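Just below is one structure, and these are the notes that go with it.
The values are calculated or read from the model by the stated rules, or taken from the named source; none is laboratory data. Not measured: the values here are computed from a predicted model. Because the Cβ atoms are built from the backbone with ideal geometry, glycine has one as well, and the counts that use them run over all protein chains shown.
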Amino acid sequence: MHNTRYRFALNIVLLISVMSLISCELVDRKARFTKPVSKKGVILEILGNPPGQVLDLVGKNMSDLDLKDMNLKLANMQNAFLNGTILDGADLSGANLKGASLVRASLINVNLSGADLSESKLVGSDLTGANLSGAKLYGSDLSRVNLSSADVTNIKIQKTEFKYTNFTGTTLDDVDFTGSVLRGAIFENSKLTNVNFSRSDLSEVSFRNGTLIKVNFNQAQAPGANFEKVGFTKCDMRGANFFRAIFVGSIMQFNQMQGATLDEANFTEADLMHSDMNLASAIRTNFTWAYMESAIITNVNFNFSNLSNATLRRTDITKSSFRNANLTRADLQNSILDDVDFTQANISKANFKGASIEDTVNLTKARGFEAAKNVGEP
């Protein structure tokens, strides 16, 4: 009887040992493993997609694993945990990562084309050079993510967070950021074509040295944004808020800027030729050496602004206000100045040759009137 009990107990111990070994070596029956991946000294082997089957990793915790260069194409990783996981060079094209957590994951040069990342968290992750073309990012959080040189063509986004995200050197075509939060994001040296930022939060975003073609900023909030030396081509900036934004040295020809808030912004040496700024507000704004020939700047409030040495030739300035503005050495030749208010403006050495000035315009209320050039001359 004693020996029987002893053998039974021994068998139980052996069975537990075998089960323990099996559990250490297998992650899931549905996933077979061949490529070595280390985590705290434990070696796992992952084969990837079995032919004709979808790899099922739903809800699995794979945080901190090294899955570099793995084939996870079309894998179902919904609600999976991949925090801190290394996925550099992996193929996740078409994968289902909805609701997955990839906080501080390394996704350098990963292929996520057509993947579903809706409601996922990628905060602090590195997606340098990643392929996200056609990926779904509805409701995802990509705050502080590095997307430099990534392919984000035709990504699908709505209510997506991109706070302080790095898009440096990225090419974006036909991307709709409508209503997205991009506060503090970086688009420096990037090329954006047909991108929609309407009603988005672009506070303190940097577009320095970028190229913006047919970009929509309609009703966007972009206070403190940096557009230094940016090339704008036919962009829609109507009704947008650019309070204290920087446009130094930018090329902004043929832009639509009607009703935009430009107060305290800096347009030093910017080229605004043929742009339409009707009904814009530009109080205490710096237009020093700005080039605005043939622009439409009707009904604009330029009070207390600096337009010294600015070029306003052949410009329609009807019903605009320059109260207490600085127009020293400004070139207003052949401009339309009907119903313009120059009260206490400094027009010293400004050139009014050929300008259309109605009787309602009283330049004698301006400072420096005696030093103004060619007033009333055809």
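Quick check on my filter: what residues within the range 161-189 are at pLDDT 95 or above, among the hydroxyl-bearing types (Ser, Thr, Tyr) and in contact with a Leu (Cβ under 7 Å, 6 or more places away or on another chain)?
Across the range 161-189, the qualifying residue is only Thr165.
Collect the residues in the range 263-311 that are within 26 Å of the chain's Cα centre (by Cα), closer than 17 Å to Arg244 by Cα and not in a loop (DSSP other than H, G, I, E, B), keeping them in residue-number order.
Scanning the range 263-311 gives Asn266, Ser281, Asn286.
Residues being touching a Ser or Thr at 6+ places or on another chain (Cβ under 7 Å) and either in contact (Cβ under 8 Å) with a residue 24 or more places away in the chain or farther than 18 Å from Met277 by Cα (or both): count how many of those fall in the range 332-353.
Number satisfying all stated conditions: 5.
Looking only at the range 181-195, which residues are within 11 Å of Ile213 (Cβ to Cβ) and hydrophobic (A, V, I, L, M, F, W, C)?
If the condition is that a residue be within 11 Å of Ile213 (Cβ to Cβ) and hydrophobic (A, V, I, L, M, F, W, C), then Leu192, Val195 are the ones that fit.
Quick one: count up the residues across the range 175-212 that are under 15 Å from Ser148 (Cα atoms), over 9 Å from the mean Cα position of the chain (by Cα) and either touching a residue at least 24 places away in the same chain (Cβ under 8 Å) or assigned to a loop (DSSP other than H, G, I, E, B) (or both).
Residues in the range 175-212 being under 15 Å from Ser148 (Cα atoms), over 9 Å from the mean Cα position of the chain (by Cα) and either touching a residue at least 24 places away in the same chain (Cβ under 8 Å) or assigned to a loop (DSSP other than H, G, I, E, B) (or both): 6 in total.
Within the range 55-110, count every residue that is under 19 Å from Ser140 (Cα atoms), assigned to a loop (DSSP other than H, G, I, E, B), modelled with pLDDT of 95 or more and of a type outside the set (A, V, I, L, M, F, W, C).
Adding up the residues that qualify gives 10.
For the subset of the range 242-265 comprising residues that are surrounded by 24 or more Cβ atoms within 10 Å (Cβ to Cβ) and of a type outside the set (Gly, Ala, Ser), which member is nearest to Ser321 (Cα to Cα)?
Selected residue: Leu262.
Does the range 120-128 contain at least one residue that is assigned to a loop (DSSP other than H, G, I, E, B), surrounded by fewer than 24 Cβ atoms within 10 Å (Cβ to Cβ), hydrophobic (A, V, I, L, M, F, W, C) and touching a Lys or Arg at 6+ places or on another chain (Cβ under 7 Å)?
Restricting attention to the range 120-128, the residues satisfying the condition of being assigned to a loop (DSSP other than H, G, I, E, B) are 120, 122-125, 127-128.
Restricting the remaining residues to those that are surrounded by fewer than 24 Cβ atoms within 10 Å (Cβ to Cβ) gives 123-124, 128.
Now restrict to residues that are hydrophobic (A, V, I, L, M, F, W, C): 123.
From what's left, touching a Lys or Arg at 6+ places or on another chain (Cβ under 7 Å): 123.
Yes, the range 120-128 has at least one match.
Would you confirm, using the coordinates I've provided, whether Glu161 is at negative phi, without any contact (Cβ under 8 Å) to a residue 24 or more places away in the chain and of a type outside the set (Val, Ile, Thr)?
Yes.
Given (1) part of a strand (DSSP E or B); (2) within 22 Å of Ala280 (Cα to Cα), where does Leu172 come up short, assuming only one miss?
(2)
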